[in-house]
Amino acid sequence: MKYRPEIDGLRAFAVFSVILYHAEFSIQGRDWFAGGFIGVDIFFVISGYLISRIILDAVANGGRFNYAHFYERRARRILPMLLVVMLSSFPFAWAWLLPEDFVEYANSILSSLLFVSNFFFYFSTTEYGADSALLKPFLHTWSLSVEEQFYILFPAFLIFLSGAFRKHLLTAILVSAAASLALAEFMSFHDRELNFFMLPTRAWELLVGTALVLLESRQPIRRRHPVHSLLPLLGLLLIGYSVVQFGETTRHPGAITVIPILGVALIIRYAGTADLTGKLLSSRPVVFIGLISYSLYLWHFPIFAFGRVQFELPTVAQKIAWLSLTVLLSIASYFLVEQPFRNRQRFGTRIALSSIGALSLVALLSSVVIVSEDGFQSRVPPILGHLEQEKRNNAWISSGESGLPPCNDRNENFCEFGQPDKQTVFVIGDSHAARLTGDLIERLKTSYRVVPMTKGACWPLRGFDKVDGLGQIDEGCDAEFQALRLREIARTEDAFVIVSGRLPLYLTQKFPPRRANDVKSRDWGYEYHHAEKTFQQGVVDTLNEIAATSRALIIVYPVPEVRVHVSRQVMRRMPANALQVEDFLEKNPLVVGYDTYRERTESSFGLLDAVGGENVFRVYPHRIFCHVNRPGECVTHDNRILFYDDDNHVSASGAALINQRIIETIALIEQKDPP
């Protein structure tokens, strides 16, 4: 197979698109590489092209395709570097990850080595590109799993088509690619994450590479036309446009992804050493970057992820340092790991495969032990161990009914706890309300019937649909679901209704700035839509409706939001000496300015204050967490307990403090107005 240096050059553009996308460099307030995720799509086309050439060359030359040799080459190419990066990351994961994150880290390694990490990250509700996703060291291995699944299925598929549709092979490939693209476009409207992570909606990109091989063999370019020199440049411009203009609201992969894929196809089809684009891609520095692109891809994500774990708000200088470390490690890895393992003279089949097997066994067993030991709770100070225990004990989300979703994620058949013949306490709202529910159930179940009707990011609003940035309605929080929750309340006599949620987010449509002097806020990406009402009108009208149809409405006002993930921040700030932890936390608390809190919640307070009625009661979390021994500040922990477990959700201990006020309010109502 003739070597084409411009393809390695294309790999260089692909890998740096991905790296700069994950680095999130902002220039003049804009991330100019917001569409850099299409670098993975470039890799898919290249992989499809190269693998198809290997298979079709073997078939065309009258020989039988050697599956054993093919998979040995894939193993030599992929596994040694992957295992080196994985094993190198264990000490940092041990030192820096919380137990829960450590378990997820180990599971991601297991799934990656079994080539199913795309399934793992989809079912673990990972939103690729979200801030939380950037902290998962092996999230990027989803693409390796897609490729490996392709390598397992594609050779037999292509050989079958070569025999069954020899004269129409190109047509069969194009039809298959079109079907995959149509599926991707359909899924981009119905399940964006499933669409992103799975092979069936990515296969068309790999098959474009196959189609290019078939075009080369059937319609080789024997005489170059002057236009041929311009087509690769057009391809480069299409890729560049996609990197700059695509973003988190792009329906990708889908019809719009044809733009960069067409660009890749034009370069592979028409680029040569004589045209400007071919010369650029074939230049020695660019080709060298392409040669180390696999190492760059593998190293960059864990380096940036662990960097962000240690420095939640990294500076540009820190990101440049991480990028430099990525390049240095990749150069070393290319010469010390990649090249030796690919060289059959240096490492024969037995030595190479036994080495890969031994390293795989170490990684697998280590991961299994981490999972079985629940992330080794003893690694972390007691204050963090208590938080992990609280999470495991928060079993209310499952009612024990097999085949049904967790209680905090139901569109119908809401869970019920406590005494079915007693008065009902409804908890309605988003994930902030859900955090209160477990402790409330435990404290009220002997005297009340408790029904949680919570849904993530779903504030109760009559007649409103929650719509994403692409105009797609969230079926888990549409007007029908909203009506169902309100109907449950209206048909229940003399119910207590507790409403809680992250109202400032829904009002401002933005997350709070991550630094005190940060003028850039991140968009929420959703909005609540009603044909006639504003969101503000909907809030007041819906709460008044609830008050009119219930015995008592208890409104829990917004909790202070924190700019950093509290448990991770406490983990990274902990002193090495465990005996000094309590003293350190008391003297160095993680706090939020009270003025910052009131500025963020001013409009929320105004709306909630507008809800009137004698049966409307209010609970103010800021009276629990703010001005406690620290005037002008809101605390996130004391010296033994964390009140938060991330940047905006209270922990079970924090929820218990809020719930105490709720229970006191219910008791006061019962005392003044017995049923």
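The values are calculated or read from the model by the stated rules, or taken from the named source; none is laboratory data. Since we're looking at a predicted model, the values are computed, not measured. Neighbour counts run over all protein chains shown; Cβ positions are idealised from the backbone, glycine included. All accessible areas refer to the heavy atoms of the entire protein, side chains included, with ligands and DNA or RNA removed. Shrake-Rupley method; radii C 1.70, N 1.55, O 1.52, S 1.80 Å.
The figures follow:
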read-out	value
DSSP beta bridges in the chain [antiparallel fraction, %, rounded to 5]	45 percent
Radius of gyration and maximum dimension Dmax of region 260-367, Cα, Å	18.4, 52
By accessible area with a 1.4 Å probe, ligands and nucleic acids excluded, highest first: order of 216, 480, 561	480, 216, 561
Cβ-Cβ FRET estimate between residue 472 and residue 351, R0 fixed at 45 Å, reported to 0.05	0.30
Accessible area in the full protein assembly, largest first, 1.4 Å probe, for 526, 597	526, 597
Local electrostatic count at residue 639 - Lys and Arg +1, Asp and Glu -1, tallied over other residues with Cβ under 10 Å	-2
With 10 Å bins from 0: P(r) over region 547-588, alpha-carbon pairs, percent	21, 30, 18, 15, 14, 3
Ellipticity estimate at 222 nm from DSSP helix runs (n ≥ 4, -39,500 (n - 2.57)) divided over the chain, nearest 500	-18500 deg cm²/dmol
Value of relative contact order over the chain, rounded to a whole percent, pairs C-alpha under 8 Å and six or more apart	14 percent
Fraction of alpha-carbon pairs over 22 Å apart in region 436-593 - percent	56 percent
Carbon plus sulfur fraction of accessible area for the chain, probe 1.4 Å, in percent	58 percent
Contour minus Cα-Cα distance for residue 288 and residue 480 (0.36 nm per residue)	63.5 nm
Given charges at beta-carbon only (K, R positive; D, E negative), |dipole| of region 307-386 in Debye	420 debye
In Å², nearest 10: area of residue 586 left accessible to a 1.4 Å probe	120 Å²
Label-point separation, residue 541 to residue 446 (7 Å along Cα→Cβ), nm	4.4 nm
P(r) histogram, all alpha-carbon pairs of region 13-104 included - 5 Å bins from 0, percent	3, 10, 11, 12, 15, 15, 14, 9, 6, 4, 2, 0
Counted charge near residue 340, where neighbours are those whose Cβ lies closer than 13 Å (Asp, Glu -1; Lys, Arg +1)	+4
Summed residue charge, Cβ within 10 Å of residue 44's Cβ, Lys/Arg positive, Asp/Glu negative	-2
Amide H contacts under 5 Å for residue 498, placed H, 5+ residues apart	426, 427, 428, 554
Distance from region 422-458 to region 94-119 (C-alpha centre basis), Å	32 Å
Which of 431, 378, 180 is most accessible, then next, and so on - probe 1.4 Å	378, 431, 180
At least 15 Å along the helix axis (C-alpha) and Kyte average at least 0.5, DSSP helices within the chain	5-23, 38-60, 142-164, 169-190, 203-218, 226-245, 258-270, 316-333, 349-372
Along each principal axis, Cα extent of the chain, largest first, Å	92, 59, 50
Linear extension gain, residue 494 paired with residue 364, 0.36 nm per residue minus alpha-carbon span	41.2 nm
FRET efficiency, residue 165 to residue 28 (Cβ-Cβ, R0 60 Å, nearest 0.05)	0.70
Long-range HN-HN contacts of residue 619 with modeled amide H, under 5 Å	555, 556, 557
Residue 157-residue 189 FRET efficiency (beta carbon distance; Förster radius 30 Å; 0.05 resolution)	0.65
Point-to-point label distance, residue 628-residue 646, nm (Cα→Cβ direction, 7 Å offset)	2.2 nm
Heavy atoms of residue 568 accessible to a 1.4 Å probe, total area in Å² rounded to 10	50 Å²
Positive-end extreme of charge dipole, region 27-90 - chosen from 46, 33, 56 (charges on Cβ)	56
Cα→Cβ-extended label distance, 7 Å offset, between residue 244 and residue 584, nm	4.7 nm
Space enclosed by the convex hull of the alpha-carbon atoms of region 22-163, per residue, Å³	133 Å³
Chain lengthening between residue 237 and residue 531 when straightened (0.36 nm per residue, less Cα-Cα)	101.8 nm
With DNA, RNA and ligands ignored, accessible area of residue 230 (1.4 Å probe; Å², nearest 10)	110 Å²
Built amide H within the under 5 Å cut-off of residue 449, gap 5+	419, 422, 423, 424, 425
